[in-house]
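Participant: Structure below; questions to follow.
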Amino acid sequence: MTETSVIKYILPNGRTNIESLAIENNLHGTDVIEFSGRLLGGCMDCLVNLLGTRYDGTVAFCEKYREDGILWMLEACDLNVMAIRRAMWQMEQAGWFRHVKGFLFGRALNGQPMMDLDAYQAVLAVAAKYHVPVLMDLDIGHLSPMMPLVVGSMATVTLQGNYVKVEMEYR
């Protein structure tokens, strides 16, 4: 089944198409945004439970590939917007985002607003601080259609209008 996707974004210059944010300025069809780095991430429901345990090698991985920079690909299956906000804060406090070059977020399965907080604000409360591209509602994660991404691969992400292309290299 093919679903219509509407990519949401915030760019380092503050341009965004997320209605709950004060700034609204859609990309024009000819505008192209491109960024690259090493892919890392997965389901926040699982990742946050590994954070700080003996199984958490994230900071070491980020340091090893600091020259490449990290493209965080994240999504939430069971987390509500408050839990997404807490998970982002915990990952930030653990130093996971130190070498971030961009964020790729899949659609949240349980992204219903709570206490005037929506899924975009929950993520951007942390992600926007890094002044890197943040793409949301991508076709990655638990909700179909879902594009597989290879953790550890080098990726170049291109955003043009409502089209996102992720090219991966294995090096």
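The values are calculated or read from the model by the stated rules, or taken from the named source; none is laboratory data. Since the model is a prediction, treat every value here as computed from it, not as a measurement. Methodologically, a virtual Cβ is constructed for each residue, glycine included, from the backbone with ideal geometry; neighbour enumeration extends over all protein chains shown. Note: accessible area is taken over every heavy atom of the protein model, side chains too, but ligands, DNA and RNA are not part of it. Shrake-Rupley method; radii C 1.70, N 1.55, O 1.52, S 1.80 Å.
Participant: In region 51-171, carbon and sulfur make up what percent of the accessible area (probe 1.4 Å)?
Facilitator: Its accessible area is 53 percent carbon and sulfur atoms.
Participant: Taking 7 Å along the Cα-to-C-beta vector as the label spot, tell me the M115-Q90 distance in nanometres, rounded to one decimal.
Facilitator: Distance between label points: 1.7 nm.
Participant: Tell me, what HN-Hα J-couplings in whole Hz come from the Karplus equation 6.51 cos²θ - 1.76 cosθ + 1.60 at θ = phi - 60° for each residue of region 147-162, using x for Gly and Pro?
Facilitator: After applying 6.51 cos²θ - 1.76 cosθ + 1.60, I find 8, x, 10, 9, 4, x, 6, 7, 10, 10, 10, 10, 10, 9, x, 10 Hz.
Participant: Multiply the residue gap between R66 and M82 by 0.36 nm, knock off their C-alpha separation, and tell me the result in nm, one decimal place.
Facilitator: Going from the current span to full extension adds 2.8 nm.
Participant: Using a 1.4 angstrom probe, figure out how much accessible area region 68-152 has per residue, in square angstrom, rounded to the nearest whole.
Facilitator: 42 Å²
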